[in-house]
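For reference, the structure is listed below as structure tokens.
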Amino acid sequence: MARLKVISGLNRKSAAIFLVEAEGKRVLFDFGDGLDKDEHPDIGAIGTVDAVFLSHAHRDHAGSLDHLDDIGNPCVFATGRTLGFLKGEHAPSAAEIIPEQGSFEACGLSLTTGRCGHAPGGVWFHMQTPSGNFIYTGDISLESRGMPFDYPPPASTLVVDASYGDRAQALEDQIAAMSAYAEGGAVLCCPSAGRGTDMALALAARGHQVHVSADVGEEIDAATGRSFSVVDGESATPRQVIVATEANAEAGLSAALLARGGFRFVFSSHVPNGTPARRLIDRSEAVWLAWNVHPRRGDVIALADHCGARQVLPAFVDMAAAPALARDLGARLRLEPETEI
Ligand SMILES: [Zn+2]
């Protein structure tokens with residue numbers, strides 16, 4: 001028998017931590033931290049685990065890695081690119097590289113990975129279980145142009161990124177809106193290891209001369225071999241279209257340009273309280289425009305259908321605010337903190 005215990009990540013956008021007990025082992029899928037500054041998961045409730053399987057390097061999925069001591073210092077399994085993004089403060093001492101598309105064994109468990117379409121080097125996990133297999137998607141997107149999504153094999157239980165709840169708008173329409181707003185110059189803020197490549201390619205395809213921060217330039221080069229004009233805190237000008245980290249102007253080139261003044265800012269990520277982005281948006285000094293990096297309602301349903309899932313746990317969303325998704329999932333919807341898988 002295998003059991004899933006949700007430590008954090010159901011009912012709202014929060015830290016991703018899902019515990020699976022199988023074959024006498026205890027393993028975690030993701031080990032994230034809260035997105036708001038003072039919000040942290042209850043790591044003390046986890047106990048000792050044998051392994052951590054990491055989907056990608058974003059804070060809400062990997063931000064608790066500096067607390068590995070508290071869960072018995074397990075080995076962290078992640079792709080080479082994800083581990084590369086973790087260099088520095090969150091780098092685990094014991095790590096094993098897993099394929100972006102392929103299979104591997106860990107702790108006597110058989111797992112398969114595929115590309116998630118959400119972050120460079122990011123993956124979903126498929127695990128063999130006695131009740132018909134288990135999928136944990138981490139964060140996924142089925143719409144990215146620069147990052148492919150691989151459809152996973154069948155599974156009876158699916159923990160799926162449903163961050164956008166009922167949202168149905170297509171990325172293509174959002175790109176048109178972003179492109180229109182960027183006429184005359186704008187700083188398009190994005191997270192490291194995130195949507196920067198897609199943003200630069202999409203805006204360039206619509207005829208903009210796109211400039212980028214140095215880290216976004218490196219990501220584009222690694223993903224596509226293309227080079228974009230790199231600007232910094234001194235050389236950037238307000239009339240340029242600039243794709244820059246970080247997502248909420250809390251660090252990086254976007255923070256430097258905010259400090260300099262005179263730039264128009266566009267935010268498109270989750271905006272936590274206490275960030276410069278929150279302050280600017282609340283004062284109507286910046287705009288927020290949608291840019292899908294998570295699945296739409298129809299994408300979640302298509303994936304559940306594709307996998308033949310009988311139990312679907314929609315993660316990172318308040319399902320009370322997603323009545324259409326709840327209706328479409330029907331008898332498959334599960335929101336209990338413990339489920340046999
Ligand atoms: Zn993410």
Under 5 Å, built H, 5+ apart or other chain: amide partners of Ala315: Val160, Asp161, Ala162
Cβ-derived FRET efficiency at R0 41 Å, Glu336 paired with Asp232, nearest 0.05: 0.25
Interchain or long-range residues, amide H under 5 Å from Trp288's placed H: Phe267
Sorted largest first, extent of the chain alpha carbons per principal axis (Å): 60, 44, 37
Quotient of Cα Rg and 2.2 N^0.38 Å for the stretch 18-83, N being how many residues it contains: 1.06
Global size of the stretch 284-341 as Cα Rg and Dmax, reported in angstrom: 14.1, 49
Coil-residue trypsin sites (Lys or Arg not before Pro) of the stretch 15-53, DSSP, other Cβ within 10 Å capped at 13: Lys37
Taking all pairs of distinct alpha-carbon atoms in the stretch 171-288, Kirkwood radius in angstrom: 13.9
Note, ³J(HN,Hα) from phi for the stretch 185-202, Karplus 6.51, -1.76, 1.60, rounded to Hz, x at Gly and Pro: x, 6, 9, 9, 7, 8, x, 4, 6, x, 7, x, 4, 4, 5, 4, 5, 5
Residues in the stretch 194-227 reached by a label modelled at Ser179 [backbone nitrogen below 11 Å; 7 Å Cα→Cβ]: 202-208
Equivalent ellipsoid, the stretch 115-252 (semi-axes from 5 times Cα gyration tensor eigenvalues, Å): 33, 16, 13
The stretch 107-220 - percent relative contact order, Cα under 8 Å, separation 6 or more: 21
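Values in this text are rule-based calculations from the coordinates and carry no lab data. The structure presented is a predicted model; accordingly, all values stated were derived computationally and were not measured. As a convention, Cβ positions derive from the backbone with ideal geometry for all residues, glycine included, and neighbour counts pool all protein chains shown.
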